[in-house]
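The values are calculated or read from the model by the stated rules, or taken from the named source; none is laboratory data. Bear in mind that the values here come from a model prediction, so they are computed numbers and not experimental data. Every residue, glycine as well, gets a Cβ built from its backbone with ideal geometry; the counts of neighbours run over all protein chains shown. We work out accessible area using only protein heavy atoms, side chains counted, and drop any ligands, DNA or RNA first. Shrake-Rupley method; radii C 1.70, N 1.55, O 1.52, S 1.80 Å.
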Amino acid sequence: LQISIPIPDNSKYIIDQTIIFGEGERFTGVLYLVHDISADEVVEFYRVNMRDDGWSEIAIVRSGFVLMNFDKEDRFATIKVNRNRNLVYDSSSSEVTIGPKTGTTINRSLNIDPNQGSSEEQPFTIQ
């Protein structure tokens with residue numbers, strides 16, 4: 001794949017789940033990866049290497065998995081790292097979602113003609 005984002009060494013793509021549109025720094029999509037290192041090592045890799053690649057860390061949430069959010073200029077990245085406990089060694093997987101930021105806001109219901117009625121009317125009524 002011709003994408004411009006840090007990926008841990010020896011990561012393997014899950015081809016039948018990965019979806020990529022575009023290439024280089026402008027790609028959009030979801031990468032599904034399997035790693036032969038622990039989830040903690042993958043998290044540390046992304047936190048350091050995303051920053052070194054010009055991304056800003058927005059948030060990190062730790063639970064049964066780790067969810068990290070980054071942004072860079074007009075793009076966002078959400079990385080979910082899953083712990084895969086194996087009896088022999090720790091491994092992990094990650095889902096990397098990258099796309100453009102958007103400022104789109106839906107102000108009214110899609111089934112209402114904005115040219116009819118006053119601007120004071122609500123798009124729907126709750127009874």
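Pull out a ≥ b ≥ c, the square roots of the eigenvalues of the alpha-carbon gyration tensor of segment 1-69, then state rounded if a/c is under 1.5, prolate if not and a/b is larger than b/c, and oblate in the remaining case. The partial results should precede the final answer.
Values: a/c = 1.62, a/b = 1.23, b/c = 1.32.
Oblate, because a/c is 1.5 or more while a/b does not exceed b/c.
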DSSP-assigned coil residues among chymotrypsin sites (Phe, Trp or Tyr not before Pro) in segment 1-68, each with at most 16 further Cβ atoms within 10 Å: none
- prompt: Can you give the accessible area of Glu41, probe radius 1.4 Å, in Å² rounded to 10?
  reply: 100
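Could you please state how large a percent of the accessible area of segment 32-71 is carbon and sulfur, counting protein chains only and using a 1.4 Å probe?
49
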